[in-house]
Amino acid sequence: MAEIGFYHLTVTPLEKALPKLLEKTLEAGERALVRVPTAERVGWLDGQLWTYDDRSWLPHGTAETGFPDDQPIWITPGDDNANGARFLFLVDGADAEDPSAFTRVFNLFDGRDDQAVSEARVRWKAYKDGGHSLTYWKQTETGGWQKAG
């Protein structure tokens with residue numbers, strides 16, 4: 001079963017928090033699949049990963065840019081795992097049909113959005129009922145992550 005972590009965004013928005021987690025993923029020698037709910041969000045997130053830090057960049061691709069085998073980070077609205085990633089990042093309410101296909105799943109949700117929090121609770125229950133190992137991470141005041149209860 002996959003290790004599924006729920007990451008409760010309370011201090012920084014997705015476009016600031018996700019790149020830091022992706023950096024750590026690459027530092028660990030892993031590939032990442034970032035699943036978003038729509039093609040429009042693919043374009044938005046693609047732009048964010050190019051511009052999130054003037055001193056850094058994250059190598060990534062989309063169906064529009066192609067060459068998934070060469071991309072350590074792949075952004076998609078679909079269920080495909082075109083770059084063979086073992087780490088899955090679910091954002092904006094995207095879900096995993098088969099989370100057990102991944103070693104780790106990062107479920108990021110906006111704590112300032114009541115609907116996002118409610119949907120995260122539903123996903124938590126479904127994954128728990130599916131026998132997955134779950135962890136809950138909350139942002140610290142500085143934007144880092146602390147494992148809770």
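Values in this text are rule-based calculations from the coordinates and carry no lab data. It should be emphasised that the depicted structure is a prediction, and the values quoted were computed from it without experimental measurement. Note that each Cβ is placed from the backbone with ideal geometry, even for glycine, and that neighbours are counted across all protein chains shown.
Descriptive notes on the structure:
- Modelled spin-label separation between Tyr136 and Glu97, with each label point placed 7 Å from Cα along the Cα-to-Cβ direction: 3.0 nm.
- Relative exposure of Val11, Val105, judged by other C-beta atoms within 10 Å (fewest first): Val11, Val105
- Here the extension length gained between Glu40 and Lys24 equals 3.2 nm, from 0.36 nm per residue of separation less the Cα-Cα distance.
- Percent of C-alpha pairs per 10 Å bin, the chain, short to long: 11, 44, 37, 8, 0
- Non-local Lys pairs in the chain, i.e. 8 or more apart or on different chains, that have alpha carbons under 22 Å apart: 12
- Listed by Cβ neighbour count within 10 Å, with the fewest neighbours leading, Thr10, Thr76, Thr142 appear as Thr142, Thr10, Thr76.
- Helical mean residue ellipticity (222 nm; -39500 (n - 2.57) per DSSP H run of 4+; nearest 500) of the chain: -9500 deg cm²/dmol
- Using C-alpha pairs below 8 Å separated by at least 6 residues, the relative contact order for the chain is 36 percent.
- Helices that extend 27 Å or more along their long axis by alpha-carbon positions and average at least -0.5 on the Kyte-Doolittle scale are absent among the DSSP H runs of the chain.
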